[in-house]
Amino acid sequence: MTKRARVIEALNHKQTDIVPYSVDFTQAAYEKMVEYYKDTDFASKIGNHISGCYYSGDPTPIPGKEGYFKDDFGVVWNRTGADKDIGVVEEYLLPKPDLSAFKLPHVPEESIRKRCEDAIANAGDTFRAASLGFSLFERAWTLTGMEALLVYMVIDPDFVTGLLDIITDFNLKVVEIFMEYDFDCIYYGDDWGQQQGLIMGPDLWRKLIKPQLAKMYKIVKDRGLFVAQHSCGDIQEIYPDLVEIGLDAHQTFQPELFDIRAIKDMYKGQLAFWGGISTQRLLPFESPEGLKKKAKEIIAIVGKGGGFIAGPTHSIPGDVPAENIAALIELFQGQKICGVA
């Protein structure tokens, strides 16, 4: 069975010979593993089942300002601090709830097509996912500020709807380009959760986020492709809504936030999960052997009957010991030995 076929089977809630897996790294973790393995090409040897391309506004370096990047929406990102992968927003472009001077940015079609072409050319037998990061709520707060956006969601929902309409129109154009290529899945990134519940609460999410998301999912489902959604945190209260509008897989699936056995039983055959190996608790703090033991248990529970893609719950951060990362990779690669209970 190819990796591509294995992921498709899993997303269709069928038991596979081994549970498909995918491991991503932050820059700090990647550099750590290059040193650990003494191999700059180690990532290509992991056996990841998923490949693809990623677009999140195309931040490009600002000449003469080292560590600063500007994305397609005009947002300037400061990466001179600890976060070298994303950074922090330098200045918000919408300090007031006024869209009169804000226009939809130009879709960088040439750049996106180049990413798609490279991804497909290098996909091999993997499942192909085209990813759109900072896709809705996150893109909005990069323009207004997080606290301001949450306030506007309560006191000025018309402004928020107008802003999300603009963002969604942009997203749909990007996704239309993605879908011209041989991808299996469109993967949206947008963080809504915290340790308990949604940042904005379920009512505001349903009022303002869900209608836009439904549009973004529909064009993908209409093409017969899978939809995956990244959101950190506890979003289980809106799982029924996500299933209703067509979500196939939630990434990231954080076992420290809920009873994974109960969630698996509740959504068996309806919603697949992607992640499961905690970057918050398990990977940074367990011993390599303890990590393998607990990760194996998670794979057995969530992977039974399909509906699971195993992996870290986020791109592995730099605070995870190299030995633990290597142990997780060894576990994934050795599943024919460990099996799924």
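Computed from the coordinates by the stated procedures, all read-outs in this text should not be read as laboratory data. All values reported here derive from a predicted model rather than from experimental measurement. Backbone-built Cβ (ideal geometry, glycine too); neighbour counts: all protein chains shown.
Hey, can you rank 24-35, 302-313, 259-270 by average C-beta count inside 10 Å, highest first?
Those peptides, ordered most packed to least, come out 302-313, 24-35, 259-270.
Can you compute the radius of gyration and Dmax for segment 271-316, using only the Cα atoms, both in Å?
Cα only, segment 271-316: 10.5, 31 Å (Rg, Dmax).
Measure up Lys221/Lys268; Lys45/Lys296; Lys3/Lys38; Lys65/Lys173; Lys96/Lys173 against 23 Å on the Cα-Cα distance and list the ones that go over.
Beyond 23 Å: Lys3/Lys38; Lys65/Lys173; Lys96/Lys173.
Report the calculated FRET efficiency for Lys215 and Asp17 (r = Cβ-Cβ distance, R0 = 30 Å), to the nearest 0.05.
FRET efficiency, Lys215 to Asp17: 0.20.
If you stretched the chain out fully between Ala300 and Glu66, how much longer would it get, using 0.36 nm times the residue separation minus the C-alpha to C-alpha distance?
79.6 nm
With both bridge residues required to lie in the chain, what share of the DSSP beta bridges run antiparallel, to the nearest 5%?
Counting only bridges with both partners in the chain, antiparallel ones make up about 20 percent.
Could you give the length gained by full extension between Tyr36 and Thr80, i.e. 0.36 nm per residue of separation minus their alpha carbon distance, to one decimal place?
My answer for the length gained is 13.3 nm.
When the chain is modelled as a GNM with alpha-carbon springs shorter than 10 Å, which of Pro105, Pro317, Pro63 fluctuates the most?
With Cα springs under 10 Å in the chain, the top fluctuation among Pro105, Pro317, Pro63 is at Pro63.
Which value, in nm² and rounded to one decimal, describes the direction-averaged projected area of the C-alpha convex hull of segment 230-292?
Convex hull of Cα atoms, orientation-averaged projection: 4.4 nm².
What is the angle, in °, between the Cα long axis of helix 322-333 and the longest principal axis of the Cα atoms in the chain? Nearest 10 is fine, range 0 to 90.
70
Over the chain, what is the mean sequence separation of C-alpha contacts under 8 Å (at least six apart), divided by residue count, expressed as relative contact order in percent?
22
Evaluate 2.2 N^0.38 Å with N set to the residue count of segment 97-254, then give the Cα radius of gyration divided by it.
Working it through for segment 97-254, the quotient is 1.05.
Projecting each Cα onto the charge dipole of segment 261-341 (Lys/Arg +1, Asp/Glu -1 at the beta carbon, about the Cα centre), which of Phe308, Val320, Gln335 comes out farthest on the positive side?
Phe308
In whole Å and largest first, what semi-axes does the C-alpha gyration tensor of segment 3-338 yield when each eigenvalue is scaled by 5 and square-rooted?
Ellipsoid semi-axes (Å, largest first): 31, 23, 20.
Which angle from 0 to 90°, rounded to the nearest 10, does the C-alpha axis of helix 109-121 make with the longest principal axis of the chain?
Orientation of helix 109-121: about 10 degrees from the principal axis.
Assuming R0 = 51 Å, can you tell me the calculated FRET efficiency for the pair Met266 and Tyr54, based on Cβ-Cβ distance, to the nearest 0.05?
Plugging the Cβ-Cβ distance into 1/(1 + (r/R0)^6) gives 0.95.
What number do you get for segment 197-309 when its Cα radius of gyration is normalised by 2.2 N^0.38 Å, N = residues?
Relative to the rule-of-thumb radius for its length, segment 197-309 sits at 1.14.
Quickly estimate the mean residue ellipticity at 222 nm for the chain, helices only: each DSSP H run with n ≥ 4 gives -39500 (n - 2.57), and the total goes over all residues, rounded to 500.
It lands at -12000 deg cm²/dmol.
If one puts a single equal scatterer on every Cα of segment 20-161 and applies the Debye formula without solvent, what log₁₀ I(q)/I(0) results at q = 0.12, 0.16, 0.17, 0.18 Å⁻¹?
-0.66, -1.05, -1.12, -1.19
Over 5 Å intervals from 0, what percent of Cα-Cα pairs in segment 16-84 sits in each interval?
3, 12, 16, 17, 16, 17, 11, 4, 2, 1, 0
Rounded, prolate or oblate, given the Cα gyration tensor of segment 155-220, with a/c below 1.5 counting as rounded?
It is oblate, given that a/c is not under 1.5 and a/b is not larger than b/c.
Among Leu208, Gly67, Val220, whose Cα lies farthest out toward the positive end of the dipole of the chain, if unit charges sit on the beta carbon of Lys, Arg (+1) and Asp, Glu (-1)?
Of Leu208, Gly67, Val220, it is Val220.
Okay, which of segment 297-321 sit inside 16 Å, backbone N to the point 7 Å along the Cα-Cβ direction of Gln280?
312-317
Expressed as a whole number of Å, what is the distance separating the alpha-carbon centroids of segment 202-255 and segment 68-85?
After rounding, the separation between the Cα centres reads 27 Å.
Looking at Tyr54, Leu150, Ala101, which one has the Cα that reaches farthest to the positive end of the dipole of segment 3-338 (charges on Cβ: Lys, Arg +1; Asp, Glu -1)?
Going by the Cα projections, it comes out as Tyr54.
Expressed as an acute angle from 0 to 90° and rounded to the nearest 10, what is the orientation of the C-alpha long axis of helix 210-221 relative to the principal long axis of the chain?
Taking Cα atoms only, the helix is inclined about 60 degrees.
Return the FRET efficiency for the residue pair Thr2, Ala101: r is the Cβ-Cβ distance, R0 is 45 Å, and the value is rounded to the nearest 0.05.
After rounding to 0.05, the efficiency reads 0.35.
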